[in-house]
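One structure is given below, encoded as structure tokens.
The values are calculated or read from the model by the stated rules, or taken from the named source; none is laboratory data. Note that this is a predicted model, so its numbers are computed, not measured. Neighbour counts are summed over all protein chains in view; Cβ atoms, including those assigned to glycine, are modelled from backbone coordinates with ideal geometry.
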Amino acid sequence: MVAPAAAAAVVWGVRAYRAYAAYETAQTAIETAETLAHIAQRKKEVETVLKDIIRGMKEEIDVKSSTFVRTGGNVTISRGRNENVTYRHYIERKIPFRPVISTACQWALKSPITVPRRIRKKIPGDVIETTVDITLKQTTASLVFEAVDDLLGWQSPLKAEPNYDGKTYAAMLGQPSTRPKRISEYFPFWPRPRGSLAPDLVIVEYRQQPFEVSNVFAAVEIKFPNDWVKGKQMDDYVRLMNRDKNKVALVRVPEDCTGYKPGQAGHDKGSSGRRR
């Protein structure tokens, strides 16, 4: 038989755990609400800030994306780890809409969405909980591309983080079929289907057709400061594109953005733009 003191301790422990769980749930709900508010606000801003770009894209719906191929990235510029040498082929790949991609990425770099993240620090005899703001540069850029796609009736040539089956490479299509399928009702880009592949950006050739691999001009990996290129990641995208290296591109932000000059203001050396 459990002693009264022990029984009381068990009851107290259960109550304390429930109170802690309720607190965690409430805090998570608050953080989620703040994140959703940031996402909604950024979507509103896209229509205003990029109205000229959106208007131009509307007029070009029937034009093949390859028509707009102009320049490649800046292979003479290194951000470290010899990326400009190791991944030269992907950096210098000429892709269409580089100015539009640059505008979205530079905006995300200078004005990323921030979300709160709780961290706990242990000090002698106590644990302190504090909140820090995490910048989501890649998520911000993807939200901009997704909002433009939405405003164009899902006929933008730029598809943000579309998912492909990791084994069959079939595109996961939404409704309409030119819209990337999402799992979450609230967060467009996560969670992802297990085992799927999702390039940061896919440029389709024909905008009124689904983003199946056969209709992809290029799969683009975007890297913000302190988010280093991973060889396996690039190999995965080459495999996804039927082992065609010419259909994979790398854009380092800001180095490969249109108009970038070494040493210019805005080259963020802060925290990574990745959310993972």
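Take the residues of region 126-166 that are among the hydroxyl-bearing types (S, T, Y) and in a helix (DSSP H, G or I): which is modelled with the highest pLDDT?
This residue is S142.
Starting from region 138-151, keep only residues that are farther than 16 Å from V253 by Cα, then list their pairs with residues that are polar (S, T, N, Q) and modelled with pLDDT of 95 or more whose Cβ atoms are within a distance under 9 Å, requiring at least 6 positions of separation or different chains.
E146/S156; V148/S156; D149/Q155; D149/S156; D149/T178; D150/S156
Does I54 count as buried (at least 16 other Cβ atoms within 10 Å of the Cβ) and on the phi < 0 side of the Ramachandran plot?
The answer is yes for I54.
Just a yes or no: is a residue in region 189-203 more than 18 Å from G56 (Cβ to Cβ), crowded, with 18+ Cβ neighbours inside 10 Å and modelled with pLDDT under 95?
There is at least one residue in region 189-203 that is more than 18 Å from G56 (Cβ to Cβ), crowded, with 18+ Cβ neighbours inside 10 Å and modelled with pLDDT under 95.
Could you please give the count of residues in region 34-51 that are surrounded by 14 or more Cβ atoms within 10 Å (Cβ to Cβ) and hydroxyl-bearing (S, T, Y)?
Residues in region 34-51 being surrounded by 14 or more Cβ atoms within 10 Å (Cβ to Cβ) and hydroxyl-bearing (S, T, Y): 1 in total.
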